[in-house]
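The values are calculated or read from the model by the stated rules, or taken from the named source; none is laboratory data. If you're wondering where the values come from, they're calculated on a predicted model, not measured in any experiment. Don't worry about glycine lacking a Cβ; one is built from the backbone with ideal geometry, like all the others, and counts go over all protein chains shown.
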Amino acid sequence: MLKAALVFLSKANERLEKVIYLLAMFLVANMVLALFLSALIRYLSGTGYDWFIELPPILTSWLVFPLLGPLLKSGSHIKVDVLNNILSAQQLSILKLVIAIIALIASIVFLIAGIEATNLYFKLGQVMELEIEIPVWWVYLAFPTGFGVMTLFATELILVEFLSLLDQRRS
């Protein structure tokens, strides 16, 4: 049953990871394009649009938070590799399991906090003071979205390491 859950979660996370990487590429392209257009328009006309300059910082939260899960799964997050050379395979699996459990707990805590913050700004109805009106809650929505994604990926890592430990005990 655990293996079936892992297969389902892994396939869902693979698709989600592809969507997130596509979103990240789209956002980075838009950030660069906005800054380029800002410089080009300012150069050609002598005046520019402020929202071109203000758009990249607004999009940054949507770039960073959804990438938390895929980066955790791939091991691309900040980490220290000293213990990899010292620990046995079983000890390393236990360490990875503990890290995944900590990541899951933290992601759930931050998911709840992000939902509360987003809901607060949604109810307040605040809008950013830009040339184009962007609701503040939209920027805060990246926070629970990212930690919701991280919850899925941390759960997958827990299942992987748990099943790995079970297989090592049987051997």
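Residues checked against (1) under 30 Å from residue 91 (Cα atoms); (2) in a helix (DSSP H, G or I); (3) in contact (Cβ under 8 Å) with a residue 40 or more places away in the chain; (4) not β-branched (Val, Ile, Thr):
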| position | (1), (2), (3), (4) |
| --- | --- |
| 123 | no, yes, no, yes |
| 129 | no, no, no, yes |
| 132 | no, no, yes, no |
| 138 | no, yes, no, yes |
| 144 | no, yes, no, yes |
| 149 | yes, yes, yes, no |
| 154 | yes, yes, yes, yes |
| 158 | yes, yes, yes, no |
| 162 | yes, yes, yes, yes |
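If I ask for residues that are surrounded by 13 or more Cβ atoms within 10 Å (Cβ to Cβ) and more than 21 Å from residue 83 (Cβ to Cβ), which ones from the range 95-115 would you list?
Applying the first criterion (surrounded by 13 or more Cβ atoms within 10 Å (Cβ to Cβ)) to the range 95-115 yields 95-97, 99-101, 103-104, 106-108, 110-111, 113-115.
Correct list: 107, 108, 110, 111, 113, 114, 115.
Is it the case that some residue within the range 46-58 is among the polar types (S, T, N, Q), more than 18 Å from the chain's Cα centre (by Cα) and at pLDDT below 90?
Restricting attention to the range 46-58, the residues satisfying the condition of being among the polar types (S, T, N, Q) are 47.
Still in the list and also more than 18 Å from the chain's Cα centre (by Cα): 47.
Pick out the ones that are also at pLDDT below 90 and you get 47.
Within the range 46-58, one or more residues are among the polar types (S, T, N, Q), more than 18 Å from the chain's Cα centre (by Cα) and at pLDDT below 90.
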*Which residues, taken from the range 80-125, are charged (D, E, K, R) and farther than 17 Å from residue 137 by Cβ?*
81, 96
*under 13 Å from the mean Cα position of the chain (by Cα) and modelled with pLDDT of 85 or more - does that describe any residue in the range 74-92?*
yes
*Name every residue in the range 46-67 that is among the aromatic types (Phe, Trp, Tyr) and surrounded by fewer than 19 Cβ atoms within 10 Å (Cβ to Cβ), in order of residue number.*
49, 51
*Please work out which one of (1) closer than 21 Å to residue 15 by Cβ; (2) at pLDDT 95 or above; (3) among the aliphatic types (A, V, I, L, M) is the condition residue 71 fails and give its number.*
(2)
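Please pick out the residue among 18, 3 that is exposed (fewer than 12 other Cβ atoms within 10 Å of the Cβ), in contact (Cβ under 8 Å) with a residue 40 or more places away in the chain and in a helix (DSSP H, G or I).
Values: 18 fails: in contact (Cβ under 8 Å) with a residue 40 or more places away in the chain.
After ruling out the rest, the residue left standing is 3.
Test residue 34 against the criterion of being of a type outside the set (Ser, Thr, Tyr), within 26 Å of residue 142 (Cα to Cα), within 20 Å of the chain's Cα centre (by Cα) and assigned to a helix (DSSP H, G or I), and give yes or no. Before the answer, list the steps.
On the way: of a type outside the set (Ser, Thr, Tyr): yes; within 26 Å of residue 142 (Cα to Cα): yes; within 20 Å of the chain's Cα centre (by Cα): no; assigned to a helix (DSSP H, G or I): yes.
Taking the combined requirement at face value, the residue does not satisfy it.
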